[in-house]
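One structure is given here, and the rest of the page talks about it.
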Amino acid sequence: MDLRQELKERFGFNEFRPGQEDVIRSILKRDDTIAILPTGMGKSLCYQLPGEMLDGLVLVISPLVSLMEDQVASIRKRGEKRVAAVNSFLSTEQRKYIFDEIHTIKFLFISPEMISRPDMTNFLIRLPISILVVDEAHCISQWGFDFRPDYLRLGEFIRLAGKPPVLALTATADARVEADIISYLHMSNPNVIRQSLDRPNLTYTVQPLETEADKTTWLKERLKTTKGPGIIYVASRKRAEELTRILQQEGITIASYHAGKEAGDRSIIQQQFLTGEISWICATNAFGMGVHKDDIRQVIHDQMPASAAAYVQEAGRGGRDGERSAAVLLYVTDDEQKVRFIVQRDLPDEPQVRHFVAMRASGQSIESSAELAGISETGSRVVQYYLETLSLENILKTFTKLKYDKEEKLRQMIAYVHSKTCLREQLLSYFDETSQAKHDFCCSVCGTAKYDWLLSNERLGNRRRLLQWEERIRLLLC
């Protein structure tokens, strides 16, 4: 089979990117497949091309509504109209229209929560599914246990649907995440196709500072003197709003983005960023998945992420065009405890779990039981999920292990910010990789994190004038 000819005729590309052809051939053989390809390497083609070539529906499970909308728009833009997305924002009439026309649809996008609904499961398992795609599959491990337990129910849907070929797509997966994906998706001896996470065009920097106020001062100076486009990742909605206001007062074209904003506002802000109307986004980690902007020159983290996988995902959104991009992590000593609190807060402790289980046994609702036990909404969903399959004692053991795993991932990031050796090698080591080439602009530890190329035109002009003045003084002294 001449896949390059198919690629040329259907998509207009002459060559596959690294890893794409291997993934597509695996799927065409109807093998379960895990594709671990870096951000910007064209993971969506890995299901779109075989989907066009095979009979039946391509069912894509996607974690975010914004990501679904972006993918649907991208597919339609290339001329494929047989695409739709089902999510909770659709009206009953819109949903009914999609179901009535399902035989005309080739690509259907859906969330894990929606696919887990009994009525939706019963409808979908009767359809001829050619490929079941789990996009951003690391979410099974990263989010499924303590945020969205419906990810962990996907294996049951796959069984009920007759085990169609499963394609799991992600940019980052260590051995533990890979094992979780295989287990929870009930994959049968999957082909694992992995490309290196090393992005030679990214320069890594850890910037130690004394206080939170110093971070704001650093950011003001950085954004005033260097060019975008760029993303600033922050830990909270409050910080996103406050920092955006401060930077706007400095004349910087920036907008905040987080889950607390209306969907319409988020969509407008994202579009303005994509078209260049605004140069910077100040966002929580709600921003990024499916945002296909190739020319992002800087990704700055205002606070340490909770895991190396999260950091690689987010920093990797810079430089998708292959040009140089800067990944900078700001760090103060207090960050360690702040992040530790954030990552552990939704996992209830033993007394809370026991109280919640007792309340449920007495007939209380999930909401009432959670309130009485002092458990967050997220925590209650997780406990309720495990109650379906585990005893109380095994739930407690599971939570103890989850807390340990989270702490271990946090320790990796703490080691990264304190590293005395190459930051690139430090990150790659967490995924059992090493860099395969020497990098001229590597990291702040290597002493090669030079940023002259990022200076804005105004700053470059000032710098040139300064150098001319210094040159004149030197000549006068000779």
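Read-outs: derived from the displayed coordinates by stated rules, not from any lab. None of the values given here were measured: they were computed from a predicted structure. Positions of Cβ are generated from backbone atoms using ideal geometry, with glycine treated the same way; all protein chains shown enter the neighbour counts.
Charge dipole of the chain (Cα centre as origin; +1 on each Lys and Arg Cβ, -1 on each Asp and Glu Cβ, all else neutral): 840 debye, rounded to the nearest 20. Distance between the pseudo-spin-label points of residue 17 and residue 52 (7 Å out from Cα toward the beta carbon): 1.7 nm. Taking 0.36 nm per residue of separation and subtracting the current Cα-Cα distance, fully stretching the chain between residue 420 and residue 1 would add 145.8 nm.
Of interest is the spacing of the C-alpha centroids, which for the range 367-383 and the range 38-98 amounts to 34 Å.
In debye, nearest 20: dipole of the range 3-194 around its Cα centre with unit charges on the Cβ of K, R (+) and D, E (-)?
It works out to roughly 380 debye.
What trypsin sites (Lys or Arg not before Pro) in the range 365-436 are in a loop by DSSP, with at most 15 other Cβ atoms within 10 Å of the Cβ?
On the way: sites: 381, 397, 401, 403, 406, 409, 411, 420, 424; in loops: 420.
Sites meeting the loop and neighbour criteria: 420.
Tell me, what are the semi-axes, in whole angstrom and largest first, of the equivalent ellipsoid of the range 192-272 as set by the roots of 5 times the Cα gyration tensor eigenvalues? Spell out each step's value before the answer.
Details: eigenvalues 118, 88, 37 Å².
Sorted largest first and rounded, they come to 24, 21, 14 Å.
Considering only 378, 37, 92, and ranking their Cα positions along the charge dipole of the chain that arises from unit charges at the beta-carbon of Lys, Arg, Asp and Glu, the one farthest toward the positive end is 37.
Would you mind getting me the FRET efficiency between residue 163 and residue 104? Use the beta-carbon distance for r and R0 = 25 Å, nearest 0.05. Each step should come with its number before you reach the end.
Numbers: r = 25 Å, r/R0 = 1.01.
About 0.50, to the nearest 0.05.
Helix 457-477 and the longest principal axis of the Cα set of the chain meet at an angle near 30°.
Over the chain, the Kirkwood radius and the radius of gyration, each from Cα atoms, give a ratio Rg/Rh of 0.99. In terms of surrounding Cβ atoms within a 10 Å radius of their Cβ, 453, 280 rank from fewest to most as 453, 280.
Students often get this wrong, so check it: of 106/406; 227/438; 220/450, which have C-alpha atoms separated by over 28 Å?
Numbers: 106/406 39 Å; 227/438 26 Å; 220/450 19 Å.
From 106/406; 227/438; 220/450, over 28 Å: 106/406.
Counting neighbouring beta carbons within 10 Å and listing from fewest to most, the residues 120, 187 come out as 120, 187.
Only counting other Cβ atoms within 10 Å, I'd like 157, 11, 341, 356 sorted with the fewest neighbours first.
Working: 157 21, 11 14, 341 9, 356 27.
Sorted ascending by nearby Cβ count, the order is 341, 11, 157, 356.
The calculated 222 nm mean residue ellipticity attributable to helices in the chain amounts to -14000 deg cm²/dmol, summing -39500 (n - 2.57) over DSSP H runs of n ≥ 4 and dividing by all residues.
Here is the link list: 8/81; 29/293; 29/397; 29/81; 261/397. Which ones come out longer than 29 Å on Cα distance? Display every interim value, and only then the final one.
On the way: 8/81 19 Å; 29/293 33 Å; 29/397 40 Å; 29/81 26 Å; 261/397 37 Å.
Those over the limit are 29/293; 29/397; 261/397.
Compute the Kirkwood hydrodynamic radius of the range 3-194, taking the inverse of the mean of 1/r over all pairs of distinct Cα atoms, and give it in Å to one decimal. So the Kirkwood estimate lands at 16.7 Å. Cα centroids of the range 260-324 and the range 144-210: 20 Å apart.
Where the only charges are on Cβ atoms (+1 Lys, Arg; -1 Asp, Glu), what is the dipole of the range 265-368 about its Cα centre, to the nearest 20 debye?
On the way: 11 positive and 15 negative charges, 38 e Å.
The calculation lands at about 180 debye.
Considering the zone a paramagnetic label at residue 248 would reach in this model (a point 7 Å from Cα along the Cα-to-Cβ line), which residues of the range 268-304 have amide N under 18 Å from it? The answer is 268-274, 276-284.
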